[in-house]
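A quick write-up on the structure given underneath.
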Amino acid sequence: MNPESINRRQLFVAAGTLAATSALSANAQTPAPTQPRAAPKPDEGKPLAPKDRVGIAIVGIGAYASQQIIPSFAETKYCRLAGFVTGDAAKGRDFANRFGVAEANVFGYDQMAELANRPDIDAVYIITPNGLHREHTEAAAKAGKHVLCEKPIATSPQDAEAMIKACADAKRLLMMGYRCQYEPYNLRAIEICRSGRLGRLVSMTSEHSRTADPSDPRDTWRLNKKLAGGGSLPDIGIYSLNAMRYLTGEEPTEIQASISSPPGDPRFKEVEATVHFTLRFPSGVLANCQSSYDTADVKRGQVFGTDAILTLDPLSDYYRHNLSVSSKPKGSETPVEEKILIPEKNQFALQLDHFAQCVRTGQTPRSPGEEGLRDVRYIEGIYRAAREGKPVKVNG
Ligand code: NDP
């Protein structure tokens, strides 16, 4: 990239950040900095024999399950694909045969209690529409199974709390499928933010947008308030929200937000198209985020420090991440962009293996159910701030 374009982009983003900063309440105090959470370390263990692996049944064989998660079991070290729960028995049997799972381990949603009789299934991975996560988690916990649950954990904080309680009562783990927290480029970005290389962190931006397509079955339920919980925010805005939290290692204390949907667009009868939200963190960092179901694709994050700017674009894609740090060397007027190249890894397998290790050892997952609860509380705060048109105080 030529230095001039870096300069222009930096100026443009800096202007946006300034606008967001001045939009925050003038009288908001910046509390004293808190100690951010440490950057996580990668797992380096050896693969286990199939009999010693954690058996996981997939709940909901949709696009994400069939295209990303199920094939990724082949790259795990501690997981064994052990069953399916599906509303389509023929599809369940087909997947069972293709992936070496006994047909007896294919269940309907109303048969989840029978999981209790399958000792070869230790856990479930819930990959159904958001509004169904609670009932599927409660059913799995009641059957004595550990739960890995897709984002967002639920469509309300109350449902998320009930899920955490159901798993705690059953003495089972509940982990969130926050795959970016296991993905090497995101982990390196966390490390850089903590290392001091960017100087003091001042502000951040993140955008997650795409065009919702009601003719795609994946988007049918996403445009339904009851099943999705909201529009772009709980579906993809949550990547920005969660990233701002893991990159700072802090919890926000104040939120401002605005929502907009194109008038008369039938896609947005029940859920919102576009959300802008600003998070204030205890150290003073301001994060300005956008999610939309109405623009071309973007999945980006940037961190602005006093000494350098980190860009992760895409931040939340499945592969092909681009991480760079740009700064002006002492005495120079020209910013230099350093591209950080590290091997891409299968983040779905890394996430599955972390879950399996937590099941095996009893350690608390890096992204437990409480992490999902915090995000749905912030999502609720974002909707409230937009509705009331003023900043709201939050406490994760
Ligand atoms: P899909 O619509 O492709 O799949 C959802 C599956 O859930 C369906 O195929 C179906 O499986 C099952 N299901 C059960 N009840 C219903 C219902 N009433 N309506 C629709 N489907 C139902 O969605 P995705 O796979 O894209 O998303 C599923 C979950 O995964 C969501 O929570 C989403 O947020 C999350 N996700 C996470 C991603 C990530 O990167 N972390 C990426 C994509 C999605 P069956 O036919 O077997 O019953």
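Report, in degrees rounded to the nearest 10, the 0 to 90 angle that the Cα long axis of helix 347-361 makes with the longest principal axis of the chain.
That helix lies at roughly 60 degrees to the long axis.
Could you run the Karplus curve 6.51 cos²θ - 1.76 cosθ + 1.60 with θ = phi - 60° over the stretch 93-108 and give me ³J(HN,Hα) per residue in whole Hz, x for Gly and Pro?
Per residue, the Karplus-derived 3J(HN,Hα) values read 5, 4, 5, 4, 5, 6, 10, x, 10, 5, 4, 4, 9, 9, 10, x Hz.
Might you report the magnitude of the Cβ-based charge dipole of the stretch 335-382 about its Cα centre, with Lys and Arg at +1 and Asp and Glu at -1, to the nearest 20 debye?
200 debye
Scan the chain and hand back the longest stretch that contains none of the GluC sites (Glu not before Pro) lying in DSSP loops with at most 11 other Cβ atoms within 10 Å.
Segment 45-332 is the longest.
Taking the Cα centre of the chain as origin, work out the dipole magnitude from +1 charges on Lys and Arg Cβ and -1 charges on Asp and Glu Cβ, in debye rounded to 20. All intermediate terms of the calculation are to be shown ahead of the outcome.
Working: 49 positive and 46 negative charges, 136 e Å.
The dipole of the chain has a size of about 660 debye.
In debye, nearest 20, what is the charge dipole magnitude of the stretch 288-338 about its Cα centre with +1 on Lys and Arg Cβ and -1 on Asp and Glu Cβ, if you could check?
Its charge dipole is roughly 100 debye.
Taking the Cβ of Tyr319 as the center, what net charge do the other residues with Cβ under 11 Å away carry, scoring Lys and Arg +1 and Asp and Glu -1?
Summing Lys and Arg as +1 and Asp and Glu as -1 gives -1.
What FRET efficiency do you get for Asp52 and Asp216 if R0 is 41 Å and r is their Cβ-Cβ distance, rounded to the nearest 0.05?
0.55
Pull up all non-local amide H partners of Glu254: gap of 5 or more, or a different chain, and H-to-H distance under 5 Å with H placed in the peptide plane.
Placed amide hydrogens put Arg280, Val394 under 5 Å from Glu254.
Counting only other residues whose beta carbon sits under 13 Å from that of Pro152, what net charge do I get with K and R as +1, D and E as -1?
Here the count lands on -1.
Under a Cβ-Cβ cut-off of 15 Å, what is the net charge of the residues other than Gly362 that fall near it, where Lys and Arg count +1 and Asp and Glu count -1?
Overall, the nearby charge balance is +3.
Using a 10 angstrom cutoff on alpha carbons, build the Gaussian network for the chain and name the most mobile of Ser332, Ser291, Ser367.
Among Ser332, Ser291, Ser367, the largest mean-square fluctuation in the Gaussian network model of the chain belongs to Ser332.
Have a look at Thr295, Ser316, Thr274 and report the one farthest towards the positive end of the charge dipole of the stretch 243-379, computed about the Cα centre with Cβ charges (Lys/Arg +1, Asp/Glu -1).
Of the candidates, Ser316 comes out farthest on the positive side.
Which listed residue (Pro252, Ile379, Ala166) has the Cα farthest towards the positive end of the charge dipole for the chain, taking +1 on Lys and Arg C-beta and -1 on Asp and Glu C-beta about the Cα centre?
Pro252
Among Val124, Pro365, Pro217, which residue has its Cα furthest toward the positive end of the charge dipole of the chain, with +1 on Lys/Arg Cβ and -1 on Asp/Glu Cβ?
Result: Pro365, furthest along the dipole toward the positive end.
Quickly estimate the mean residue ellipticity at 222 nm for the chain, helices only: each DSSP H run with n ≥ 4 gives -39500 (n - 2.57), and the total goes over all residues, rounded to 500. Numbers along the way, then the final one.
Details: 10 runs with 120 residues, N = 396.
Rounded to the nearest 500, the figure is -9500 deg cm²/dmol.
Could you check the simple spin-label distance between Asn97 and Gln68, using points 7 Å along Cα→Cβ, in nm with one decimal?
Computed distance between label sites Asn97 and Gln68 equals 2.9 nm.
Counting only DSSP beta bridges with both residues in the chain, what percent are antiparallel, rounded to the nearest 5? Write out the running numbers ahead of the final one.
On the way: 39 of 65 bridges.
Beta bridges within the chain, antiparallel portion: roughly 60 percent.
Over the stretch 163-266, what percent of the accessible surface lies on carbon and sulfur atoms, probe 1.4 Å?
Here it works out to 54 percent.
Grab the Cα-Cα distance for Asp169 and Lys226, subtract it from 0.36 nm times how many residues apart they are, and report the gain in nm with one decimal.
Value of the extension gain: 17.9 nm.
Of Phe304, Phe84, Phe95, which has the largest mean-square fluctuation in a 10 Å C-alpha GNM of the chain?
Residue with maximal mean-square fluctuation among Phe304, Phe84, Phe95: Phe95.
Return the single residue from Pro365, Pro184, Pro217 with maximal mean-square fluctuation; model: Gaussian network over the chain, springs between Cα atoms under 10 Å.
Maximum fluctuation in the GNM of the chain, among the listed residues, is at Pro217.
The values are calculated or read from the model by the stated rules, or taken from the named source; none is laboratory data. Every value quoted in this text rests on a predicted model; they were computed, and no experiment measured them. Neighbour counts are summed over all protein chains in view; Cβ atoms, including those assigned to glycine, are modelled from backbone coordinates with ideal geometry. When the accessible area is computed, the model is the full protein with side chains, heavy atoms only, and any ligands, DNA or RNA have been set aside. Shrake-Rupley method; radii C 1.70, N 1.55, O 1.52, S 1.80 Å.
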